[in-house]
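The values are calculated or read from the model by the stated rules, or taken from the named source; none is laboratory data. Quick caveat, the model's predicted, so the values are computed rather than measured. Here the Cβ is made from the backbone with ideal geometry for all residues, glycine too, and neighbour counts use every protein chain on show. Remember, those area values only see protein heavy atoms, side chains included, never the ligands or the DNA or RNA. Shrake-Rupley method; radii C 1.70, N 1.55, O 1.52, S 1.80 Å.
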Amino acid sequence: MDEFEQALDEARQAEQHRRTAAVWIEAFEAALRSGDAGRIGALFHPDAHWRDVLAFTWHMTPVAGAEAIAQRLAAEQPRTAAQGFRVPRGRKPPRRVTRLGIDSIEAIFEFATAAGRGAGIIRLSPAEGEAPRAWLLSTTLQALTGHEERIGANRPTGAAYSRNFGGDNWADMRRRVSAYEDREPAVLVVGAAQAGLSIAARLNQLGVDTLVVEKWPRIGDSWRRRYHSLALHNSIHLNHLPYMEFPPTWPTYIPKDMLGNWFEFYADAMEINCWTDTEFVEGSWDAVARRWTARLKRGDGTERTLRPRHIVFANGVSSYPMIPDLPGLGDFAGQVIHSEGFDSGAGFAGKRAFILGTGSSANDIALDLHSHGVDTTLIQRGSTTVISINPSARLNEAIWDEPGALEDNDLIVASPPPPLVIKAYKAVTQRMVALDREMIDGLKRIGFKHDVGADETGHQMKYFRRGGGYNLDAGSSALMIQGEIGLLQYDRIECFTADGLLLKDGARLPADLIVLATGYYPQQELVRRALGEAMVERIGPVWGIGADGELSNMYKRTPQQGLWFIAGELAQCRINSKYLALQIKAMELGLLGPL
């Protein structure tokens, strides 16, 4: 078969896949319209899964099993009024794929609801002697009717300040709008890194008046101030912020200062109102006025009190550095630094350093110290998952490696409900272990405690469950195996002393520097210090896995009206900021109430 015939055959197959998907979608809409749960359920495999993001349930809702899916869809349809289902052209086309070992036709579809416009994913596989059935359905709300994002053809005209002779120009307008001298913001976002900037950009395009506050002097400082050698551990093509992709000239793994500078540029380009050098001190909720009282401390020592209807905490997965109470550490005469405050090993050449922890930050810091001629030892307290950045960690980027628009690939990434996510991570972890077998075996030979997660789901579920416990390896493992970076198990240590460490066998290890790569308190500590203990008890855990398998209190309404959280890697923030912004806009319009 020559190239022309092959292309023709592929086109025929693609059209056949489109017809197959369209037939299922047409039957699905008819079944929905009938309200007959039996008709709906007949379109699904018995063990099918559905994940809805706002479109039908106004929540992030996983449902398992054909019967449960059919009953929930039938119950929600009268209010949702979903209709106009179609397989659109111009988006990633329907195609045959293998997902979780299942040969499937995967298709993007679009639809309308009473509230707005939606999009979703179906995965169809053969049913014996019958038409293909769905084993995965995802539905997401993408826009609110009459309140679409102000982008593309819907962009603002700029008439308010363009060629406004004798009046304000754009710069004047931006200074006035950002000052908030004559109004209160509808939304106050705390934190101006990827999470805060993503949600602020989304809210801006929906016309929701939003102010971001950042405690550091410049936007991007939360990244610039991290250790000297830091670069992102995942690839550039999945890390874009909303509306604006990184330049095609940029490196695959973005250095932290480059990223910090981009954040500053992005905030300006996206017209994000941001007060830097401003700390959120405390807040309280007025149940009568349905507003927050938020006290802010500015860099010049002055204070400002704002009354927003919503507060979004965008401070990251973790909050304050965790400093463990270790025996004798207070007696140590050398320098003790938490990893948050570590910059570079340049000033420690020829000295001895011990790093408490074996996660990614600990290992990167060990590499930095070693490269500066520091005698470096990692102290391991608990078992750690170790994954090579390339090739193993790259396996989790597989969807974004596929052809197609970023928006379409994001839709696919967000489609599986928790049980399928678990299954996928188990499968990919097995591949990672196989790829990294030599490194893992070498680590075990030197006494390193290695694991692949409690349920063999690897580092990703550790990240979602606890925000750490793994190392995306940049080369420190090979140096440990070779003996160039030391490894010491914490249970061998009796205590710290003025000049270093005393081991249980009586040996003494001199030290000049101890780095505490011991992680951070969870977000509940941030809530406790800013909003009080009663609020912590009211809302429950933030991050970690909830009873439904979704992230707790993330990107969705919480038990406290007007209190929201967004965190995670850049891709997570880009994807979920859309859904968080839509919920806030819907509440502002009166379409959505509190939980």
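Considering only helices (runs of 4 or more DSSP H) fully contained in the range 163-236, which possess at least 1 residues that are exposed (fewer than 15 other Cβ atoms within 10 Å of the Cβ)? The helices (runs of 4 or more DSSP H) meeting that bar are 170-179.
Exactly one residue out of G453, G532, G467 is at pLDDT 95 or above and of a type outside the set (K, R): that is G532.
Only one residue in I481, I485 is open to solvent by 20 Å² or more (accessible area, probe 1.4 Å) and at pLDDT 95 or above. Which one? Spell out the reasoning first.
Working: I485 fails: open to solvent by 20 Å² or more (accessible area, probe 1.4 Å).
Exactly one residue qualifies, and that residue is I481.
The set of residues from the range 549-595 being in contact with a Ser or Thr (Cβ under 7 Å, 6 or more places away or on another chain) and among the charged types (D, E, K, R) comprises just one member, R574.
Output the residue which, of all residues in the range 110-125 that are of a type in the set (D, E, K, R) and over 19 Å from A42 (Cα atoms), is most open to solvent (accessible area, probe 1.4 Å). Filtering first and then ranking leaves R117. Scanning the range 237-269 for residues that are outside any loop (DSSP other than H, G, I, E, B), in contact with a strand residue (DSSP E or B) (Cβ under 7 Å, 6 or more places away or on another chain) and closer than 19 Å to L472 by Cβ returns P255, K256. Residues that are open to solvent by less than 10 Å² (accessible area, probe 1.4 Å), farther than 28 Å from D286 by Cα and among the aliphatic types (A, V, I, L, M) within the range 545-595 comprise L570, A571, listed in sequence order. The residues on offer are I387, I412, and the sole one that is farther than 19 Å from G468 by Cβ, crowded, with 20+ Cβ neighbours inside 10 Å and either more than 21 Å from the chain's Cα centre (by Cα) or of a type in the set (A, V, I, L, M) (or both) is I412. The residues of the range 290-331 that are outside any strand (DSSP E or B), surrounded by 17 or more Cβ atoms within 10 Å (Cβ to Cβ) and of a type in the set (S, T, N, Q) amount to a single one, N315. Checking each residue in the range 431-466 for being under 20 Å from the mean Cα position of the chain (by Cα) and open to solvent by less than 30 Å² (accessible area, probe 1.4 Å) picks out G453, T457, G458, H459, Q460, M461, K462, Y463. Annotation: of all residues in the range 24-36 being part of a helix (DSSP H, G or I) and among the acidic types (D, E), the one that is most open to solvent (accessible area, probe 1.4 Å) is E26.
Looking at this structure, is K578 basic (K, R), in contact with a strand residue (DSSP E or B) (Cβ under 9 Å, 6 or more places away or on another chain) and not in a helix (DSSP H, G or I)? Before the answer, list the steps.
Working: basic (K, R): yes; in contact with a strand residue (DSSP E or B) (Cβ under 9 Å, 6 or more places away or on another chain): yes; not in a helix (DSSP H, G or I): no.
Criteria not met by K578.
Cβ separations smaller than 8 Å between residues 6+ apart or across chains give the following pairs from the range 38-62 residues that are open to solvent by 10 Å² or more (accessible area, probe 1.4 Å) to residues that are modelled with pLDDT under 95: H45/A127.
Total residues in the range 87-120 satisfying the condition of being in contact with a helix residue (DSSP H, G or I) (Cβ under 7 Å, 6 or more places away or on another chain) and farther than 19 Å from V53 by Cβ: the figure is 7. Just one of the numbered conditions (1) in contact with a Lys or Arg (Cβ under 9 Å, 6 or more places away or on another chain); (2) open to solvent by 50 Å² or more (accessible area, probe 1.4 Å) is not true of R72: (1).
Can you pull out every residue in the range 249-308 that is of a type in the set (D, E, K, R) and over 21 Å from P185 (Cβ atoms)?
Residues of the range 249-308 of a type in the set (D, E, K, R): 256-257, 264, 268, 271, 277, 279, 282, 286, 290-291, 295, 297-298, 300, 303-304, 307.
If the condition is that a residue be of a type in the set (D, E, K, R) and over 21 Å from P185 (Cβ atoms), then K256, D257 are the ones that fit.
Restricting D499, D491 to those that are over 14 Å from Q380 (Cα atoms) and open to solvent by 20 Å² or more (accessible area, probe 1.4 Å) reduces the list to D499.
This table checks each residue for (1) within 20 Å of A586 (Cβ to Cβ); (2) in a helix (DSSP H, G or I); (3) in contact with a helix residue (DSSP H, G or I) (Cβ under 9 Å, 6 or more places away or on another chain).
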| site | (1), (2), (3) |
| --- | --- |
| A22 | no, yes, no |
| G38 | no, yes, yes |
| H45 | no, no, yes |
| H49 | no, no, yes |
| D52 | yes, no, yes |
| T61 | yes, no, yes |
| E67 | no, yes, yes |
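Selection of first residues in the range 194-217 that are at positive phi and of second residues that are open to solvent by 20 Å² or more (accessible area, probe 1.4 Å) and not charged (D, E, K, R), restricted to Cβ pairs under 9 Å at least 6 apart or on distinct chains, gives the following pairs, ordered by first then second residue: G207/H147. The residue list A398, A349 contains one member that is out of contact with any strand residue (DSSP E or B) (no Cβ under 6 Å at 6 or more places or on another chain), more than 18 Å from A517 (Cβ to Cβ) and at pLDDT below 95, which is A398. G260 - would you say it is surrounded by 15 or more Cβ atoms within 10 Å (Cβ to Cβ), on the phi > 0 side of the Ramachandran plot and in contact with a Gly (Cβ under 9 Å, 6 or more places away or on another chain)? Spelling it out, it is not the case that G260 is surrounded by 15 or more Cβ atoms within 10 Å (Cβ to Cβ), on the phi > 0 side of the Ramachandran plot and in contact with a Gly (Cβ under 9 Å, 6 or more places away or on another chain). Is it the case that L230 is in contact (Cβ under 8 Å) with a residue 24 or more places away in the chain and either hydroxyl-bearing (S, T, Y) or under 26 Å from T558 (Cα atoms) (or both)? Here the answer is no, as L230 does not meet what is asked. The residues in the range 484-538 that are in a strand (DSSP E or B) and either on the phi > 0 side of the Ramachandran plot or in contact (Cβ under 8 Å) with a residue 60 or more places away in the chain (or both) can be counted, and the count is 21.
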